[in-house]
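My questions all concern the structure below.
The values are calculated or read from the model by the stated rules, or taken from the named source; none is laboratory data. Bear in mind the structure is a predicted one, so any value in this text is a computation, not a measurement. With ideal geometry, Cβ positions are generated from the backbone for all residues, glycine too; neighbour counts draw on all protein chains shown. Areas reflect the complete protein model, heavy atoms only, side chains present, ligands, DNA and RNA absent. Shrake-Rupley method; radii C 1.70, N 1.55, O 1.52, S 1.80 Å.
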Protein chains: 4
Amino acid sequence: MPFSHELRVRYGECDAQGIVFNANFLAFVDVALTEIWRQSMGSYDLLLETGVDTVVGEANMRFLLPGRFDDVLRIEGGFDDLGTTSATLRLWFHRGDELLVEADIRYVFVDLGSWEKVEIPEVVRRGLGPLLLG
Amino acid sequence: MPFSHELRVRYGECDAQGIVFNANFLAFVDVALTEIWRQSMGSYDLLLETGVDTVVGEANMRFLLPGRFDDVLRIEGGFDDLGTTSATLRLWFHRGDELLVEADIRYVFVDLGSWEKVEIPEVVRRGLGPLLLG
Amino acid sequence: MPFSHELRVRYGECDAQGIVFNANFLAFVDVALTEIWRQSMGSYDLLLETGVDTVVGEANMRFLLPGRFDDVLRIEGGFDDLGTTSATLRLWFHRGDELLVEADIRYVFVDLGSWEKVEIPEVVRRGLGPLLLG
Amino acid sequence: MPFSHELRVRYGECDAQGIVFNANFLAFVDVALTEIWRQSMGSYDLLLETGVDTVVGEANMRFLLPGRFDDVLRIEGGFDDLGTTSATLRLWFHRGDELLVEADIRYVFVDLGSWEKVEIPEVVRRGLGPLLLG
């Protein structure tokens with residue numbers, strides 16, 4: 001997998017069912033995205049310096065097994081394809097050998113000033129190259 | 001729409017982009033679900049008394065426009081269909097006339113003791129009847 | 001009490017102990033603050049138009065009884081005093097007749113541009129007048 | 001300092017002011033507490049096996065400087081004293097040489113079954129010994 005990152009589930013991220021509250025997996029996707037910009041562009045701030053930012057256009061998640069307090073989650077994945085103005089990130093959340101959650105997130109690139117949809121800048125496209133799924 | 005509920009966006013629910021952090025829309029779906037159990041079963045606790053609970057199996061969300069601090073969001077929707085052991089809730093988040101987010105959430109019914117998938121109890125099926133989309 | 005506001009505890013705001021995660025009470029304080037600006041200045045945005053904002057300087061909280069899912073919390077209180085550049089808000093969280101949490105929060109007024117400490121503008125001081133505790 | 005732990009500020013933990021939302025520092029305290037149980041008892045689950053849990057009785061926090069997205073926060077501290085049924089944890093949040101936040105949190109020990117206040121078990125008292133501030 002071109003991308004891999006680990007995080008540990010916090011107590012306050014679990015709900016009264018004793019499992020990770022589902023919305024927190026979408027928050028974990030955003031933690032992964034920060035690491036993806038670090039790996040591809042140096043940092044999220046360096047992405048912003050190219051004059052673009054991203055917003056989430058679509059999020060599709062499948063929950064297979066619950067996460068639990070103190071689990072170390074391994075988040076793996078990469079980009080499925082880079083479109084003209086958007087890119088789809090596919091992530092798999094594992095705990096050891098178990099697959100807990102699959103997430104497909106479509107990010108839309110927008111101009112930092114106008115927040116209008118823009119083409120992915122060439123420098124960003126090059127940065128994301130090593131993160132493409134085979 | 002069989003279901004409608006309003007909530008006001010909190011300051012801490014917005015991120016450094018000044019818009020509602022995307023994961024919070026999935027948290028808002030859960031707020032809607034609590035109201036759905038109140039409307040259909042009397043309360044979430046009364047659902048639990050039937051011996052079942054639900055877990056999220058799938059969440060598919062489309063983000064069309066950003067939500068902002070202090071927006072009053074109108075969450076409307078209902079169930080698309082009731083399967084044997086799962087049900088899909090469709091929700092639309094509006095701010096006035098604008099559609100911000102669409103969410104399709106598939107809930108799986110599980111036994112409260114074993115957390116195994118179970119058939120939707122008849123009493124729950126009857127309670128959810130008025131919440132079916134046309 | 002000069003200020004009163006109600007909110008309902010969400011499922012995702014409770015942790016694996018089945019009670020409101022303590023940090024969420026500090027988030028609820030911020031919900032109250034938004035309503036305080038609405039009541040005193042018309043809205044938080046109208047506060048910002050005076051050229052100042054506030055940051056939390058100190059938060060002192062006593063937790064007497066746990067909050068639970070679906071509780072309707074009544075948040076009451078007001079300002080203890082208005083200093084030159086800061087003001088202390090005292091809030092009490094009730095569920096029916098029970099007192100759950102007491103919070104004293106010192107807000108520091110800062111210039112919107114420089115984020116330096118500034119005197120409370122006269123118009124803000126007048127707006128907060130009706131919110132002073134006896 | 002007897003206790004030290006690092007964490008990186010997430011994007012979604014910052015609010016529209018572009019700084020760490022104040023309530024999240026109280027959530028960070030809980031992350032530190034999990035690590036404190038790991039260091040002193042092996043894990044939080046092993047604390048629970050002694051038949052006790054803790055609840056927050058009091059939280060007193062001073063906010064000196066704002067935290068920002070992607071900051072690596074160093075959380076240092078230890079226990080001020082161990083009372084009969086409660087213990088006060090003092091934590092300091094640093095970013096490099098800067099002190100951002102000070103937190104004093106009084107934890108009350110409760111019986112796992114009844115949630116009544118109980119004396120700190122001897123095995124817990126021994127575990128926390130190395131975490132006492134000089």
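Where does the charge balance sit around B:Met1 when Lys and Arg score +1, Asp and Glu -1, over other residues with C-beta under 14 Å from its C-beta?
That sum, taken over residues with Cβ under 14 Å, equals -3.
What value, in deg cm²/dmol to 500, does the helix sum -39500 (n - 2.57) over DSSP H runs of n ≥ 4 give at 222 nm once divided by the residues of the protein assembly as shown? If you can, show how the numbers build up before the last one.
Numbers: 12 runs with 128 residues, N = 536.
Counting only the DSSP helices, I get -7000 deg cm²/dmol.
In nanometres, what is the gap between the two model label sites at A:Glu119 and C:Glu122, each 7 Å from Cα along Cα-to-Cβ?
Those two pseudo-labels are separated by 5.7 nm.
Does the stretch C:45-131 come out rounded, prolate or oblate by the C-alpha gyration tensor, with a ≥ b ≥ c the root eigenvalues, rounded set by a/c under 1.5 and, if not, prolate when a/b is larger than b/c and oblate if not? Show your work: numbers first, answer last.
Values: a/c = 2.44, a/b = 2.26, b/c = 1.08.
Prolate, because a/c is 1.5 or more and a/b exceeds b/c.
Can you give me the solvent accessible area of C:Ser86 with a 1.4 Å probe, rounded to the nearest 10 Å²?
The value for C:Ser86 is about 20 Å².
About the Cα centre of the protein assembly as shown, how large is the charge dipole given +1 on each Lys and Arg Cβ and -1 on each Asp and Glu Cβ? Please answer in debye to the nearest 20.
On the way: 48 positive and 88 negative charges, 0 e Å.
Taking the Cα centre of the protein assembly as shown as origin, the dipole is about 0 debye.
Relative to the Cα centre, what is the charge dipole magnitude of the stretch C:66-108, using +1 at the beta carbon of each Lys and Arg, -1 at the beta carbon of each Asp and Glu, and rounding to the nearest 20 debye? Present the calculation step by step, with values, prior to reporting the outcome.
Details: 5 positive and 9 negative charges, 26 e Å.
Charge dipole of the stretch C:66-108: 120 debye, to the nearest 20.
Another one. Let me know the mean shielding of C:44-57 by other chains, meaning the per-residue number of their Cβ atoms within 10 Å of its Cβ.
On the way: counts 3, 2, 0, 0, 0, 0, 0, 0, 0, 1, 1, 6, 9, 5.
Mean shielding count: 2.
Further, regarding this structure: Probe radius 1.4 Å, ligands and nucleic acids ignored: give me the carbon and sulfur share of the accessible area of the stretch C:31-134 as a rounded percent. Walk me through the numbers before you get to the answer.
On the way: 2140 of 4400 Å².
Carbon plus sulfur share of accessible area: 49 percent.
Oh, and also: Sort B:Arg106, A:Arg126 from largest to smallest accessible area, using a 1.4 Å probe on the heavy atoms of the protein chains. Show your work: numbers first, answer last.
Details: B:Arg106 75, A:Arg126 155 Å².
Sorted by accessible area, descending: A:Arg126, B:Arg106.
Mind pulling up the Rg/Rh value for the protein assembly as shown? Radius of gyration and Kirkwood radius, both on Cα. Spell out each step's value before the answer.
Numbers: Rg = 23.5 Å, Rh = 24.6 Å.
Rg divided by Rh gives 0.95.
Moving on to the next point. What's the magnitude of the charge dipole for chain D around its Cα centre, counting Lys and Arg as +1 and Asp and Glu as -1 at the beta-carbon? Answer in Debye, nearest 20.
On the way: 12 positive and 22 negative charges, 41 e Å.
Dipole size: approximately 200 debye.
In what sequence, largest accessible area first, do A:Leu7, D:Leu46 appear using a 1.4 Å probe? Mind dumping the intermediate values first?
Working: A:Leu7 15, D:Leu46 75 Å².
My answer, sorted largest first, is D:Leu46, A:Leu7.
Tell me the total accessible area that C and A bury against each other, 1.4 angstrom probe, in square angstrom rounded to 100. All intermediate terms of the calculation are to be shown ahead of the outcome.
Details: alone 7110 and 7120 Å², together 13520 Å².
The buried area between C and A, both sides summed, comes to about 700 Å².
Between C:Arg74 and D:Thr84, what's the calculated FRET efficiency when r is the beta-carbon distance and R0 is 22 Å? Round to 0.05. Kindly include the intermediate steps, with their values, before the conclusion.
On the way: r = 33 Å, r/R0 = 1.52.
Here the calculated transfer efficiency is 0.10.
Quick one: net charge around C:Leu46, please, counting Lys, Arg +1 and Asp, Glu -1 for every other residue with C-beta under 14 Å from its C-beta. Before the final figure, lay out each step's value.
Values: positive: C:Arg38, C:Arg126; negative: B:Asp70, C:Glu35, C:Asp45, C:Glu49, C:Asp53.
Result for the local shell: -3.
So, counting K/R as plus one and D/E as minus one, what does the shell of residues with Cβ under 12 Å around A:Leu99 add up to?
Working: positive: A:Arg62, A:Arg74, A:Arg95; negative: A:Glu76, A:Asp97, A:Glu98, A:Glu102.
Every neighbour counted, the sum reads -1.
Quick one: which residues, 5 or more positions from A:Leu100 or on another chain, have an amide H under 5 Å from its amide H? H modelled 1.01 Å from N in the peptide plane, none for Pro or chain starts.
A:Phe93, A:His94, A:Arg95
Still on this model: Using only Cα atoms and rounding to the nearest 10 degrees, what angle (0 to 90) does helix D:22-41 make with the longest principal axis of chain D?
Once rounded, the angle reads 40 degrees.
Now a separate question. Charges on Cβ only, +1 for Lys and Arg, -1 for Asp and Glu, centred on the Cα centroid of chain B; of B:Ala87, B:Leu112, B:Phe3, which one is farthest towards the dipole's positive end?
B:Phe3
I'd like the FRET efficiency for C:Arg8 and B:Met1, computed as 1/(1 + (r/R0)^6) with the beta carbon distance as r and R0 of 22 Å, rounded to 0.05.
0.55
Are there chymotrypsin sites (Phe, Trp or Tyr not before Pro) in the stretch D:8-107 that DSSP marks as loop and that have at most 12 other Cβ atoms within 10 Å, and which are they?
Details: sites: D:Tyr11, D:Phe21, D:Phe25, D:Phe28, D:Trp37, D:Tyr44, D:Phe63, D:Phe69, D:Phe79, D:Trp92, D:Phe93, D:Tyr107; in loops: D:Phe21, D:Phe69.
The qualifying sites: there are none.
Now, a different point. Using protein chains only and a probe of 1.4 angstrom, how many square angstrom of B:Thr34 are accessible, to the nearest 10?
Per-residue accessible area (B:Thr34): approximately 20 Å².
Using the heavy atoms of the protein chains alone and a 1.4 angstrom probe, what is the accessible area of the stretch D:23-134 per residue in square angstrom? Present the calculation step by step, with values, prior to reporting the outcome.
Numbers: 4510 Å² over 112 residues.
On a per-residue basis, 40 Å².
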